[in-house]
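Below is one structure, written out as structure tokens; the observations come after it.
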Amino acid sequence: MTKLFAIYGASGCGRSLMPVARQQLTREKSMFEIVFIDDALTEFDVVNGHRAMNYSAFLNESASEKYVQIAIANSRVRQKIANRLELDGIQLWSICADNVILMDEVKIAEGSALSPFVTITSNIKIGKCFHANLYSYVEHDCVIGDFVTFAPGVKCNGNIHIHDHAYIGTGAMIKQGTPDQPLVIGKGAIIGMGAVVTKSVPAGVTVVGNPARIVTKK
Ligand code: UDP
């Protein structure tokens, strides 16, 4: 029996990551099939040339090993699905585009998705199910938690610590910290598209603008 690979989520994120996944397996020269899993499906379908099915149908597929990349931007949903996969003994699958640059001493936990043109420089630690979308970069000495999401073009400079579930919007840039005083993006914080973050952001808040400020509820 063969290995079965899946992209979980057949919406925007999943359909953009499928070619990255395909490229990776071609590079590894393994025999493979990659399917989409999407719980909105009630019956088998074909999406962009790949078989697509819901999670229970995927569980019924016969394969010696199953690997899943959770390609859903919402980090809470990623966590919920990751927990379910763990209970079902299915492995998280990391995917990485051909032209991604990874420098020295980069440690990335399982389930990551590194899109085309991403650069991760040196001495960086990243948690589970990290998503770095097109053209994002992470500079030296950053520490990134679990289920963190970078939209396209995020500029994450050196000595920045980003806690679990933070979401960094398209084109946001974050000022570098120092080894003694890293700039910290708190747990679950949301950084708006194009924000220029010049100081630490508390957990759970949303910041926008230049310089980025907390959005207060009216
Ligand atoms: N989805 C799913 N199971 C879940 C939650 C979401 O299969 O428990 C699917 C959902 O049906 C949708 C996709 O994941 O097709 C999420 O797509 P969305 O457009 O919300 O965002 P994206 O992450 O693709 O930008």
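The values are calculated or read from the model by the stated rules, or taken from the named source; none is laboratory data. If you're wondering where the values come from, they're calculated on a predicted model, not measured in any experiment. Cβ: placed from backbone, ideal geometry, glycine included. Neighbour counts: every protein chain shown. Each accessible area value is taken on the protein alone, full model and side chains, heavy atoms only, with ligands, DNA and RNA left out. Shrake-Rupley method; radii C 1.70, N 1.55, O 1.52, S 1.80 Å.
From most to least packed by mean Cβ count within 10 Å, the peptides 171-183, 110-122 give 110-122, 171-183.
Let me have the 222 nm mean residue ellipticity of the chain computed from DSSP H runs of 4+ only, each contributing -39500 (n - 2.57), with the sum over all residues rounded to the nearest 500.
Working: 3 runs with 35 residues, N = 218.
Theoretical 222 nm ellipticity from helices: -5000 deg cm²/dmol.
For helix 75-87, what angle does its Cα long axis make with the longest principal axis of the chain, in degrees from 0 to 90 and rounded to 10? Long axis of 75-87 versus the principal axis of the chain: about 40 degrees.
A 1.4 Å probe, protein heavy atoms only, puts the accessible area of Glu86 near 130 Å².
Shown is the FRET efficiency for Ala40 and Val106, computed with R0 = 25 Å from the Cβ-Cβ distance and rounded to the nearest 0.05: 0.10. Between the amide H of Arg213 and those of Val208, distances stay under 5 Å, these residues lying 5 or more places away or on another chain, with hydrogens modeled in the peptide plane.
Any chance you could run the full-extension gain for Ile214 through Gln181? It's 0.36 nm times the residue separation minus the Cα-Cα distance, nm to one decimal. Walk me through the numbers on the way to the answer.
Values: separation 33, 0.36 × 33 = 11.88 nm, distance 2.09 nm.
That works out to 9.8 nm of additional length.
How would you classify the chain from its alpha-carbon gyration tensor, with a ≥ b ≥ c the square roots of the eigenvalues: rounded for a/c under 1.5, else prolate if a/b is greater than b/c, otherwise oblate? It comes out prolate by the Cα gyration axes.
Label the stretch 112-165 by shape, choosing from rounded, prolate and oblate, from the square roots a ≥ b ≥ c of the eigenvalues of the Cα gyration tensor; if a/c is under 1.5 it is rounded, and otherwise prolate applies when a/b is larger than b/c, oblate when it is not. Oblate, because a/c is 1.5 or more while a/b does not exceed b/c.
Rolling a 1.4 Å probe over the protein heavy atoms of the chain, with every protein chain left in place, gives an accessible area that is 53 percent carbon and sulfur. Computed from the C-beta positions of Met31 and Arg84 and an R0 of 25 Å, the FRET efficiency is 0.40 to the nearest 0.05. Taking a spot 7 Å from the Cα of Asp98 along the direction of its beta carbon, which residues of the stretch 32-69 have an amide N less than 17 Å from it? Those under the cut-off are none; the list is empty. Along the charge dipole of the chain, Cβ charges K/R +1 and D/E -1, which of Val154, Pro202, Cys96 sits furthest on the positive end? The residue sitting farthest along the positive end of the dipole is Pro202.
Chymotrypsin sites (Phe, Trp or Tyr not before Pro), restricted to the stretch 1-56: which are DSSP loop and have at most 15 other Cβ atoms within 10 Å? Intermediate values should be presented prior to the final figure.
Details: sites: Phe5, Tyr8, Phe32, Phe36, Phe44, Tyr55; in loops: Phe32, Phe44.
Within the stretch 1-56, the qualifying chymotrypsin sites (Phe, Trp or Tyr not before Pro) (loop, at most 15 other Cβ atoms within 10 Å) are Phe44.
Pairs Lys80/Lys199; Lys155/Lys199; Lys29/Lys66; Lys29/Lys80; Lys3/Lys128; Lys29/Lys155: which are spaced more than 24 Å apart, C-alpha to C-alpha? Exceeds cut-off: Lys80/Lys199; Lys29/Lys80; Lys29/Lys155.
So, by mean Cβ neighbours within 10 angstrom, what's the order for 126-134, 12-20 with the highest one leading? Each step should come with its number before you reach the end.
Details: 126-134: 23.0, 12-20: 19.1.
By packing density, highest mean first, the sequence is 126-134, 12-20.
Taking the C-alpha atoms only, the angle from helix 12-27 to the longest principal axis of the chain is near 70 degrees.
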